[in-house]
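Novice: Below are the C-alpha cells for one structure; questions will follow.
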Amino acid sequence: MDPWLVVLLQVAPFVLLLLGTYGIGSALERRHFRLLRARELRSRNLPVATLREPLPGWQVEDCALVTGSCVISLDYFKRFVAGLRLLVGGRIASYETLLDRARREAILRMKESAHAAGYRAVIGVRLETSQIAQATRQGGTAGVEVLAWGTALRLRRS
Amino acid sequence: MSFEPRLPRDDVNVSRTHPLVEAGWLILGAAVAGLLLALLAFAATELVSRWLPADLEARWFGGLFESFVGDETSEEPARAEAARALLARLGAHWPENPYTFHLGVLDDSALNAFALPGGTIVVTRGLLEAAESENELAFVLGHELGHFAARDHLRAIGRGLILSLVMRSMVGAGAGDAVPALSAELASRGFARDQERDADAFALGLVAAEYGHVAGADDFFGRLPDADAGLGARAAAWFATHPVSESRIAALHDLARRRGYPTDGPVAVLSQ
Amino acid sequence: MILSNTETVPGRTIREFYGVVSGSTVRAKHIGRDIMAGLKNIVGGELKGYTELLKEARQEAVDRMIQQAQSVGANAVVNVRFSTSNITQGAAELFAYGTAVRVE
C-alpha cells in the first residue's frame with residue numbers, strides 16, 4: 001500500500017470532522033443571526049439605555065430588575081481555528097461572532113422578559129461576559145455566557 | 001429628550017473574512033513554522049551528535065544502563081559469552097573505535113537488538129537463541145556497532161526530544177490531534193531508514209574483515225517471523241524502524257557486489 | 001462622535017436617544033509576547049507588550065461602537081462602559097458599550 005495512502009487515511013477523518021462541523025456550525029449561526037434580526041425589529045419600540053435616570057417627562061409607576069442571559073458554545077472548527085490563532089496572535093473572528101450572538105440574544109431576552117411583564121422601558125443596562133465551560137484538558141473554552149441586566153420601568157401614560 | 005427606535009448595523013462586531021479562508025492561511029502558516037523549527041532542531045542535534053566526544057558520552061550515559069549489563073552470573077543463555085567474545089573481535093576491526101563496548105542480554109523472547117548511549121549493546125534472549133550461525137550474529141552486532149559509528153543513538157534522542165516538544169506546544173494550542181503526531185512519526189522513521197542502511201553497510205564491512213567473506217550474514221532476515229508479503233508488512237514498513245526484509249537483503253547483496261566481497265565461504269557454527 | 005461616560009454630555013442637551021450600541025473585539029496574544037511576559041514575570045514590572053496589545057484592542061472596540069452609533073444617526077455616545085473578559089487562555093474580549101444619542 002502506498003505510504004501516502006496510509007497518511008491520507010489517518011488525516012482524512014480529522015479533516016472531515018473539521019469541514020463537517022464548519023458546515024453545520026455556520027448554518028446554525030446564519031439561522032440564529034436571521035432570527036436575532038427579526039426579533040430585534042419586532043422589539044425595537046422598547047427603549048433600552050445605559051442611562052441611569054429615566055428620561056425627563058416619563059412618569060414612572062413601577063420598576064424592577066430584569067435580566068437576560070445566554071450561554072453559547074463553540075463548535076469544533078471554531079475551537080481549532082482559535083487554537084491556531086493563539087500561536088500567531090491577532091483577532092479571533094470565530095469568537096467574535098459567538099459573542100455578538102450571545103450578547104444580542106441576552107439583550108433580547110432581557111427586553112422580552114420586561115415586555116412580557118408589562119414594562120415599557122429598560123434603563124441602566126449593564127453587560128457582563130464570562131467563560132463558562134472548559135472544553136478540553138488544555139483549557140479551550142467550550143461556552144461563553146453573556147449576562148444583561150437593567151431596571152425595567154412601568155410608565156404611566158400621560 | 002425623546003426615544004427614536006433605530007437598529008444599529010449588525011455586521012460591525014463580526015469579521016468579514018470567510019472562516020475557511022482564514023483557517024487555510026492559519027494552517028499553512030502553522031505548518032511552515034513547524035517545519036522550519038523542526039529543521040532547525042535537526043540541524044542542531046546533528047552538530048551536537050558529531051561534536052560530543054565518545055569518552056564524555058561513556059561517562060554520562062554508561063552508568064545508566066548497568067541494569068542491562070550487570071550481573072553476569074545471572075541466568076544468561078550459554079551463547080552470551082560467545083557473543084561477548086564475538087563483539088570484542090568485531091570491535092577490533094574498527095580502528096577508530098573510541099568506545100569500550102558492553103553487551104547486555106534482555107530477557108525477552110522477541111528478536112531485537114539495540115544500541116544505547118555510552119557503548120552498551122543490548123540483545124534479547126530470543127535473538128541469541130534464534131541465531132543459527134556465528135556469521136549472522138556477527139552481522140547483527142556489527143549493525144549495532146555501525147549505529148555507534150554514526151552516533152545515531154544521540155541523534156535519535158535529540159530529535160525525539162525536540163519533535164515531542166514542538167508537537168506538544170502545537171497540540172497544546174488546540175491545533176488538532178492526528179496531524180502533528182503523524183508527521184512526527186513519519187519524520188523520525190524516514191530518517192531512521194537511512195541510518196539503518198548505513199549501519200548495514202558498516203556491519204557488512206566488519207563481517208568481511210572478520211571472516212574474509214559475507215556468506216551467511218543475511219540468513220537472519222530470511223527467517224524473521226513477521227509476514228514478509230502482503231499489505232500489512234508494506235504499510236508497517238513505513239512505521240517500523242527497520243526496512244522491509246526483502247529490500248534489505250537485496251540492498252546487502254548489491255552492496256557486497258559493489259564492494260567486491262566474496263559471497264562464498266565456510267559459515268562458522270555458533271557454539272551452544 | 002462625542003464620547004462620554006457621564007449621564008449627559010457636559011454643556012449640551014440630549015435631543016434624542018436611539019438605544020444601546022456596543023463594540024467588541026476578541027484578541028489573542030502570540031507566542032513571542034507570551035515568552036517575554038514569562039520572563040517579565042520573574043523580575044516584575046509593566047508588561048509593555050500586553051499593555052500595547054490591549055490598548056489597540058480597546059481602541060478597536062471603541063471604533064466599532066462608534067460605527068454602530070453612526071449607523072443609527074447619533075452624534076454622541078453617553079454612559080460609555082468598558083469590560084475586559086478572559087474568553088479563553090491567551091485571549092481576551094474587549095468590550096465597550098453605551099447609549100447612542102443626538103446632542104445639541
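The values are calculated or read from the model by the stated rules, or taken from the named source; none is laboratory data. Note that the structure is predicted; figures quoted are calculated from it, not measured. Cβ coordinates were reconstructed from backbone atoms using ideal geometry, including for glycine residues, and neighbour counts include every protein chain displayed. Accessible surface areas use protein heavy atoms only, side chains included; no ligands, DNA or RNA. Shrake-Rupley method; radii C 1.70, N 1.55, O 1.52, S 1.80 Å.
Novice: Can you say whether B:Val244 is open to solvent by 50 Å² or more (accessible area, probe 1.4 Å), aliphatic (A, V, I, L, M) and modelled with pLDDT under 80, as far as the supplied structure shows? It would help to see each step written out before you state the result.
Specialist: On the way: open to solvent by 50 Å² or more (accessible area, probe 1.4 Å): no; aliphatic (A, V, I, L, M): yes; modelled with pLDDT under 80: yes.
No.
Novice: Next question, about the same structure. Within segment A:47-61, which residues are crowded, with 16+ Cβ neighbours inside 10 Å and at the interface with chain B (Cβ under 9 Å from one of its Cβ atoms)?
Specialist: Looking only at segment A:47-61, we keep the residues that are crowded, with 16+ Cβ neighbours inside 10 Å, and these are A:47-51, A:54-55, A:58.
Result: A:Pro47, A:Ala49, A:Leu55.
Novice: So which residues in segment A:1-46 are touching a residue at least 60 places away in the same chain (Cβ under 8 Å) and either exposed (fewer than 13 other Cβ atoms within 10 Å of the Cβ) or hydrophobic (A, V, I, L, M, F, W, C) (or both)?
Specialist: Correct list: A:Leu18, A:Phe33, A:Leu36, A:Leu46.
Novice: Further question: If a residue has to be within 12 Å of another protein chain (Cβ to nearest Cβ), open to solvent by 50 Å² or more (accessible area, probe 1.4 Å) and aliphatic (A, V, I, L, M) to count, how many in segment C:52-82 make the cut?
Specialist: 0
Novice: Let me spell it out: the conditions are (1) within 15 Å of C:Ala91 (Cα to Cα); (2) at pLDDT 90 or above, and A:Pro47 meets all of them except one. Which number is the exception?
Specialist: (1)
Novice: Shifting gears a bit: Checking the conditions here, which among B:Glu76, B:Glu81 is modelled with pLDDT of 75 or more, away from chain A (no Cβ under 14 Å) and more than 22 Å from the chain's Cα centre (by Cα)? Can you show your working first?
Specialist: Values: B:Glu76 fails: modelled with pLDDT of 75 or more.
Being modelled with pLDDT of 75 or more, away from chain A (no Cβ under 14 Å) and more than 22 Å from the chain's Cα centre (by Cα) holds for just one of B:Glu76, B:Glu81, which is B:Glu81.
Novice: Against the conditions (1) more than 10 Å from every other protein chain (Cβ to nearest Cβ); (2) open to solvent by less than 30 Å² (accessible area, probe 1.4 Å), where does A:Ala121 fall short? Just the number, please.
Specialist: Going through (1) more than 10 Å from every other protein chain (Cβ to nearest Cβ); (2) open to solvent by less than 30 Å² (accessible area, probe 1.4 Å) one by one, A:Ala121 breaks only (1).
Novice: Can you tell me which condition C:Ile35 does not meet? The list is (1) open to solvent by less than 60 Å² (accessible area, probe 1.4 Å); (2) more than 20 Å from A:Leu51 (Cα to Cα), and all the others hold.
Specialist: The failed condition is (1).
Novice: What's the total number of residues in segment C:1-43 that are at the interface with another protein chain (Cβ under 7 Å from one of its Cβ atoms) and more than 30 Å from A:Lys78 (Cβ to Cβ)?
Specialist: 6
Novice: Kindly indicate whether any position in segment C:44-51 is over 30 Å from A:Ser94 (Cβ atoms), in contact with an Asp or Glu (Cβ under 8 Å, 6 or more places away or on another chain) and more than 9 Å from chain A (Cβ to nearest Cβ).
Specialist: Filtering segment C:44-51 for residues over 30 Å from A:Ser94 (Cβ atoms) gives C:44-46.
Restricting the remaining residues to those that are in contact with an Asp or Glu (Cβ under 8 Å, 6 or more places away or on another chain) gives none.
Checking segment C:44-51: not a single residue is over 30 Å from A:Ser94 (Cβ atoms), in contact with an Asp or Glu (Cβ under 8 Å, 6 or more places away or on another chain) and more than 9 Å from chain A (Cβ to nearest Cβ).
Novice: Yes or no: A:Tyr76 at the interface with chain B (Cβ under 10 Å from one of its Cβ atoms) and modelled with pLDDT of 85 or more?
Specialist: Working: at the interface with chain B (Cβ under 10 Å from one of its Cβ atoms): yes; modelled with pLDDT of 85 or more: no.
So A:Tyr76 fails the test.
Novice: Among the residues of segment C:14-32, how many are open to solvent by less than 70 Å² (accessible area, probe 1.4 Å) and under 30 Å from A:Arg44 (Cβ atoms)?
Specialist: 12
Condition check ((1) surrounded by fewer than 22 Cβ atoms within 10 Å (Cβ to Cβ); (2) hydrophobic (A, V, I, L, M, F, W, C)) across all residues:
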| site | (1), (2) |
| --- | --- |
| A:Cys63 | yes, yes |
| A:Val66 | no, yes |
| A:Leu74 | no, yes |
| A:Phe80 | no, yes |
| A:Leu84 | no, yes |
| A:Gly89 | yes, no |
| A:Ile92 | no, yes |
| A:Glu96 | yes, no |
| A:Arg104 | no, no |
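Novice: Being open to solvent by less than 40 Å² (accessible area, probe 1.4 Å) and either modelled with pLDDT of 85 or more or in contact with a helix residue (DSSP H, G or I) (Cβ under 6 Å, 6 or more places away or on another chain) (or both) is true for just one of B:Val14, B:Val32. Which residue is that?
Specialist: Numbers: B:Val32 fails: open to solvent by less than 40 Å² (accessible area, probe 1.4 Å).
Result: B:Val14 is the single residue among B:Val14, B:Val32 that is open to solvent by less than 40 Å² (accessible area, probe 1.4 Å) and either modelled with pLDDT of 85 or more or in contact with a helix residue (DSSP H, G or I) (Cβ under 6 Å, 6 or more places away or on another chain) (or both).
Novice: Condition check: aliphatic (A, V, I, L, M) and in a helix (DSSP H, G or I). Does C:Ala74 satisfy that? Explain how you work it out, then say what you get.
Specialist: Details: aliphatic (A, V, I, L, M): yes; in a helix (DSSP H, G or I): no.
So C:Ala74 does not fit the description; no.
Novice: Considering only segment B:84-115, state which residues are out of contact with any helix residue (DSSP H, G or I) (no Cβ under 9 Å at 6 or more places or on another chain) and modelled with pLDDT of 80 or more.
Specialist: Residues of segment B:84-115 out of contact with any helix residue (DSSP H, G or I) (no Cβ under 9 Å at 6 or more places or on another chain): B:84-85, B:88, B:95.
Correct list: B:Arg84, B:Ala85, B:Ala88.
Novice: Just need a number here: residues in segment A:84-99 that are part of a helix (DSSP H, G or I) and within 7 Å of chain C (Cβ to nearest Cβ). Talk me through it step by step, then tell me what you get.
Specialist: To start, the set of residues in segment A:84-99 that are part of a helix (DSSP H, G or I) comprises A:84-88, A:93-99.
Checking the rest, the ones that are also within 7 Å of chain C (Cβ to nearest Cβ) come to A:85-88, A:95-96, A:99.
Residues that pass the stated criteria total 7.
Novice: Starting from segment C:92-104, take each residue that is over 13 Å from C:Arg58 (Cβ atoms) and list its partners that are among the small types (Gly, Ala, Ser) and part of a strand (DSSP E or B), counting only C-beta distances under 6 angstrom and pairs at least six apart or across chains.
Specialist: Matching pairs, first to second residue: C:Val101/C:Ala76; C:Val103/C:Ala76.
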